[in-house]
């Protein structure tokens, strides 16, 4: 095994262990809703509350990451992540569960953002692109393996054991970072930047029309992704499909194609431009939506596969585009994008859940279609001149 391949495998495993908690609980949503005696919509918002913590911490770390040591910040964040993960096994009510999920999001986002900064600052050119691609693949794999693991553990050993196991994975991630990543200092900056200057830097990003459109695309993409993959669990568990908790986990093999296609997003966008790539990926996701309304498992699986592949690909393209469209202070631009992305996920969990509860699954799917069309409309405003040539974007969940 070459040194470069070994490094990519390690980076991919770090990416996997960083975000493995993010969506794993979605696979056991029906069980959790029954445990806490709440509606699907309430449980969906609680499980996805981690996205609120991801959004807040993503922006904060992006703004102040230049003051933080990369390696230390990453492993400490992952070690601290084990605390709220383990405490989820004891959460006495939905409010406590929700609060712990938010805290999980804070630590996951801190580790994710600092790792992206670390990889971007280590090496150059093809080496950096390869490391980022490996990290992306690990992130995508965490969506699949996290759900499979959660459903299997909850079905065989109980919900509490499930959270204990994920806490051990958090500690394993911290240990891997501590043992494998080299020490790097935080970037030197002038201390005490005035608040007005910070606000001006943020405002400049929103004044960039291409960046503002990218923020909106990210919001819509995770809105659609969580709108589908949060509440489809209740559809799959109910008649006529009536899948068992274990079978619900197996359904998430639909993410396997995305593990292959997502790392190619940067190269495809550079070759064909961002607008056509966005249109194609969002079109794939939209094409999968009608299949979700079928009363048989095969078309539903096909629909979930298309939605997953399309939204993951669009997210990777958007993240890479933000890095090219930002003229200055790319870390802050990426932080704003991640904040918008995860706020979109929280909005999707809440709004789609309300529609699902009041009007049913077809109406919920229709709302997801509106979000994807809105993302395509925003993509249409992007300027071809900003397509550029860039590295692979990061798919954070």
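Structure above, values below:
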item	result
Candidates 59, 17, 9, 5, filtered to the one that is without any contact (Cβ under 8 Å) to a residue 12 or more places away in the chain, in the same structural domain as residue 158 (by TED's automatic domain parsing) and part of a helix (DSSP H, G or I)	5
The stretch 279-308, subset in contact with a helix residue (DSSP H, G or I) (Cβ under 7 Å, 6 or more places away or on another chain) and at pLDDT below 95, residue nearest to residue 214 (Cα to Cα)	308
Residue that is closer than 30 Å to residue 242 by Cα, crowded, with 22+ Cβ neighbours inside 10 Å and in contact with a helix residue (DSSP H, G or I) (Cβ under 7 Å, 6 or more places away or on another chain), where the choices are 106, 45, 38	45
Output for the stretch 233-243, where each listed residue is on the phi < 0 side of the Ramachandran plot and either outside any helix (DSSP H, G or I) or surrounded by fewer than 24 Cβ atoms within 10 Å (Cβ to Cβ) (or both)	234, 235, 236, 237, 238, 239, 240, 241, 243
Hey, residue 112 at pLDDT 65 or above, within 23 Å of the chain's Cα centre (by Cα) and part of a helix (DSSP H, G or I) or not	yes
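The values are calculated or read from the model by the stated rules, or taken from the named source; none is laboratory data. Computed from a predicted model, the values in this text were never measured in an experiment. Please note: Cβ atoms are built from the backbone with ideal geometry, for glycine as well, and neighbour counts cover all protein chains shown.
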